[in-house]
Amino acid sequence: MAKRKKSDKKKSPIAITVIAWAIVVLFLIRLVQVFEPLIRNQFFMKGITGPLFASWRLTSLGSVFLSSATYMVLSLAGIVALVGFLRLHRWSWVLLMAWTGGSLIISLVEYFYSRPNYAVMASNVIIAFALNNTEVQRIFGIRRDDGLSL
């Protein structure tokens, strides 16, 4: 029987795994939010059927496109942040914190317009708490070992 080699690689904290899974869940939810209004308005069947702006205001079709574009940007930024996060780049921690804040703001706006998505809100809160974990901040160089922030 072959002996197993011991790995000198330090195991990452569970918070990193939780954040990675939460990003994947948010990506899938945001992807649904990109395509659902477009399918509901039959964009893929009929194309653009009316104006997007009317006298410097968004029409209902323009509002659908704006919300879909916003969710697409959030989805793509989440994937970029996930790749950098799994590679333990410092910029990804900063991007992910900004992405989480932006996503929370959008979730709060949706909440006040009576379209709350509690799964997105819960995932964002979990990510925010996990990113502020001391071990995670040390791994990404946000916090030094002496306790002082950089």
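Quick note: the coordinates plus some simple rules give every number you see, no bench work behind them. Keep in mind that what you see is a predicted model, and the values were worked out from it rather than measured. Neighbour counts run over all protein chains shown; Cβ positions are idealised from the backbone, glycine included.
What to note about this one:
- For segment 116-126, the Karplus equation 6.51 cos²θ - 1.76 cosθ + 1.60, evaluated at θ = phi - 60°, returns couplings of x, 10, 5, 5, 5, 4, 5, 5, 5, 5, 4 Hz by residue, with Gly and Pro reported as x.
- Taking 0.36 nm per residue of separation and subtracting the Cα-Cα distance, full extension of the segment from VAL18 to LEU104 would add 29.2 nm.
- Per-bin percent of Cα-Cα distances, the chain [5 Å]: 2, 8, 15, 18, 14, 12, 10, 7, 5, 4, 2, 1, 1, 0, 0, 0
- Estimated purely from DSSP H runs of n ≥ 4, each contributing -39500 (n - 2.57), the mean residue ellipticity at 222 nm for the chain is -22500 deg cm²/dmol once divided by its residues.
- Added length on full extension, which subtracts the Cα-Cα distance from 0.36 nm per residue, ILE39 to LEU86: 13.6 nm
- Estimated distance in nm for a label pair at TRP56 and MET121, the labels positioned 7 Å out from Cα along Cα-to-Cβ: 3.5
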